[in-house]
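See below for the structure under consideration.
The values are calculated or read from the model by the stated rules, or taken from the named source; none is laboratory data. These numbers come from a predicted model, not from an experiment. Because the Cβ atoms are built from the backbone with ideal geometry, glycine has one as well, and the counts that use them run over all protein chains shown.
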Amino acid sequence: MPRFRCRLIKNIFAAIMALVLLACAVEVGLRYYDNKTGWVSEETASQLPYLAASSERYCRLQSMKTFQVKHPDSGKITELKTNSFGLRGNEIQVPKPTGLLRIICLGDERVLAAETPEKETFSYQLQQLLQSRTQLRVEVINAGVPHSCPLLSCLHLRQSLLGLQPDLVILNFDMSDIADDHRLRRHLITDANDIPLACAHPTLQKKDQQCELHHRSPFLLLDWGKNQIKSMKNSSGETRDLQDIDSPQGEYAWIRDDPPDWSIYIKQALRPIGQIQTMTEGSYARMLVGVIPTPWQVSAKACQNKMISAQNGIELGRYYRSRVPFETIANYTDQKRILFCDSSPYFLQRQNPEQLFLKNKIRLSPTGHELYARVLASFVIAKIPGPWLSESEMKRPKKMASQPRQQQ
C-alpha cells in the first residue's frame with residue numbers, strides 16, 4: 001500500500017511538471033510569434049501604454065514621452081513621441097508665431113495612428129500638401145486620442161487646444177463615435193445649459209485613485225486564453241447584441257443596411273459638433289468636419305480578420321452599401337452651416353479599395369492616409385478662403401536675385 005501511494009504521488013507530480021513544461025513551451029511559442037507578427041499582443045491590447053486616465057476628458061496621451069508601438073500587420077516598430085501638451089509630434093510654440101497657419105486635427109485612434117510612422121499620417125501629409133500652396137508657414141497638429149469622439153474633442157478643445165490659437169479646426173468623425181458618446185455620457189458633467197465641462201475616467205473615482213486604464217497579465221498565454229474565450233462568446237452572440245449600442249458587437253450597428261433606431265443616440269452624439277463650432281467662431285477660427293469610412297463601407301475584402309469581425313459583430317466579407325450615416329452627418333452640418341468633407345466617394349472610386357485599410361486593425365493604411373490627406377487638402381483649398389497659390393502661380397519660376405555687375 002505505501003508503495004502504491006508513492007507511485008501515485010510520483011505520477012501526479014510528473015503530470016503536473018509535464019503541464020508546467022507544456023505551458024512554458026506554449027508561452028515561449030506565443031512570445032516568439034508575437035515578436036514576429038505582433039498579433040497576439042494586438043489582439044489583447046486593451047492596455048495602451050501611452051494612454052492615461054483623465055479627470056477632465058476621460059483619457060489622454062502621456063506627455064513628454066516616447067513609446068514603441070508595434071504595427072499590427074508587419075510587426076515593425078513605430079516611434080510614438082508626445083510633447084508637453086500630450087499630443088503627438090514636436091513641441092508647439094506658444095504664443096503662435098506671426099505668419100503661421102495653424103490647423104488642429106481632432107479625432108480618435110484613427111487620427112492618432114500610433115502604429116503608423118508620423119510622416120505617413122494624413123495630418124503630416126496634409127501639412128505638406130497645404131504648404132506647397134501657400135507662402136505662409138503651415139502647421140497641422142495631430143490631436144488624435146484613442147476612444148475619443150466629438151464629445152471628448154469638445155472638452156479637449158475647451159480645456160487646452162483653443163489656447164494654441166488655431167486658424168482651422170478639423171473634426172474627423174468616425175462611425176464608432178455614436179457608441180463612444182453613449183458609453184461616456186454616464187461620466188459626463190455639464191452646466192445648466194448642457195455645455196460639457198468634464199468627463200472623468202471611472203478609475204479616478206475609486207479610493208485608490210489609480211491612473212492605469214487597463215491591467216494585462218505578464219503571461220501572454222493567459223491573455224491569449226481570455227481573448228479566445230471572449231471571441232467565442234462574441235461569435236455566438238445573439239441578434240439583439242448586434243443591435244445593442246451597449247454591446248461591443250453593436251458598436252457599428254447604425255452603419256448596417258438594416259440599422260436599429262438610434263435616433264436619440266445619434267442626436268446627442270452630434271450635438272457637441274455644434275458646440276465646437278460655437279467655440280471656434282468665438283476664437284475667430286474656421287471649422288470643418290471630415291468623415292472617415294469604415295472598411296466595411298468601402299469593400300467586402302477590407303480588414304479580413306476573423307477576430308476583429310467577431311468582436312465588432314460584423315460578418316466576415318460583409319459590405320454595407322447604406323449611405324444613411326453619411327447623409328445624417330451631412331444633414332446636421334448643413335443645418336449648422338458647418339463645412340462637411342465626405343471622403344467616402346473617393347475611397348469607393350479607388351481601385352482595390354481594401355488596400356486603403358490595415359488587415360488586422362480598423363485603421364487606415366499608409367495608402368489610406370495619403371488619399372485622405374489629398375481629399376482634405378483639396379477641400380480646404382477649395383472651400384476655405386486663404387493665402388492659397390493658384391496652379392499657375394505654383395508653376396511660375398521664382399525670380400532670381402540680380403547679381404551685381406563687375407567693374408571693368
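Those residues that are crowded, with 16+ Cβ neighbours inside 10 Å and either among the β-branched types (V, I, T) or part of a strand (DSSP E or B) (or both), I need them from segment 80-91; list them, please.
Result: L80, T82, R88.
Restricting segment 357-374 to residues that are touching a residue at least 60 places away in the same chain (Cβ under 8 Å) and among the hydrophobic types (A, V, I, L, M, F, W, C), which is nearest to T134 (Cα to Cα)?
A373
Would you check if there is a residue in segment 204-213 being within 25 Å of A300 (Cα to Cα) and either at pLDDT 85 or above or surrounded by 15 or more Cβ atoms within 10 Å (Cβ to Cβ) (or both)?
No, the conditions are met nowhere in segment 204-213.
Go through the residues of segment 371-378 one by one and say whether even a single one is touching a strand residue (DSSP E or B) at 6+ places or on another chain (Cβ under 9 Å), part of a loop (DSSP other than H, G, I, E, B) and not small (G, A, S).
Checked against the condition, which is being touching a strand residue (DSSP E or B) at 6+ places or on another chain (Cβ under 9 Å), part of a loop (DSSP other than H, G, I, E, B) and not small (G, A, S), segment 371-378 yields no hits at all.
Sort out which residues of segment 374-406 are at pLDDT 75 or above and over 26 Å from the mean Cα position of the chain (by Cα), and write them in order of number.
Passing the criteria: A382, P385, G386, P387, W388, L389, S390.
Test L101 against the criterion of being part of a helix (DSSP H, G or I), of a type in the set (A, V, I, L, M, F, W, C) and more than 17 Å from L157 (Cβ to Cβ), and give yes or no.
No: the conditions fail for L101.
Which one is surrounded by the most Cβ atoms within 10 Å (Cβ to Cβ) among residues in segment 309-367 that are assigned to a strand (DSSP E or B) and of a type in the set (F, W, Y)?
It comes out as F357.
Which members of segment 53-79 meet the condition of being among the charged types (D, E, K, R), modelled with pLDDT under 95 and in a loop (DSSP other than H, G, I, E, B)?
Once the filter is applied, which keeps residues that are among the charged types (D, E, K, R), modelled with pLDDT under 95 and in a loop (DSSP other than H, G, I, E, B), segment 53-79 yields E56, D73, K76.
Does any residue in segment 176-193 that is over 24 Å from G313 (Cα atoms) come within less than 7 Å, Cβ to Cβ, of a residue that is surrounded by fewer than 14 Cβ atoms within 10 Å (Cβ to Cβ) six or more places away or on a different chain, and which pairs are these?
Within 7 Å, the pairs are H187/P202; I189/L197; T190/L197; D191/L197.
Can you tell me which residue in segment 266-288 is surrounded by the fewest Cβ atoms within 10 Å (Cβ to Cβ), limited to those that are outside any loop (DSSP other than H, G, I, E, B) and hydroxyl-bearing (S, T, Y)?
T278
Please specify each residue of segment 92-109 satisfying the condition of being touching a helix residue (DSSP H, G or I) at 6+ places or on another chain (Cβ under 9 Å) and either within 20 Å of D73 (Cβ to Cβ) or surrounded by 19 or more Cβ atoms within 10 Å (Cβ to Cβ) (or both).
Passing the criteria: L101, R102, I103, I104, C105, L106, G107, D108.
On the given criteria, is H156 modelled with pLDDT under 95 and either touching a Lys or Arg at 6+ places or on another chain (Cβ under 8 Å) or under 27 Å from F357 (Cα atoms) (or both)?
Considered against the rule, which asks whether it is modelled with pLDDT under 95 and either touching a Lys or Arg at 6+ places or on another chain (Cβ under 8 Å) or under 27 Å from F357 (Cα atoms) (or both), H156 comes out as no.
Keeping to segment 250-270, report how many residues are under 19 Å from R337 (Cβ atoms) and more than 20 Å from the chain's Cα centre (by Cα).
Residues that pass the stated criteria total 1.
Kindly list, by first and then second residue, each pair from a residue in segment 254-272 that is over 19 Å from G313 (Cβ atoms) to a residue that is of a type in the set (K, R), limited to pairs with Cβ atoms under 8 Å and residues at least 6 apart or on different chains.
Listed pairs, sorted by first residue: Q268/R185.
Residue under question is L288, and the condition is that it be touching a Lys or Arg at 6+ places or on another chain (Cβ under 6 Å) and of a type in the set (A, V, I, L, M, F, W, C); does it hold?
Spelling it out, it is not the case that L288 is touching a Lys or Arg at 6+ places or on another chain (Cβ under 6 Å) and of a type in the set (A, V, I, L, M, F, W, C).
Considering only residues that are under 27 Å from T98 (Cβ atoms) and in contact with a Pro (Cβ under 6 Å, 6 or more places away or on another chain), which ones fall in segment 112-165?
Hits for segment 112-165 are T134, L136.
Please determine whether any residue of segment 162-172 is part of a loop (DSSP other than H, G, I, E, B), in contact with a Lys or Arg (Cβ under 9 Å, 6 or more places away or on another chain), on the phi > 0 side of the Ramachandran plot and not aromatic (F, W, Y).
yes
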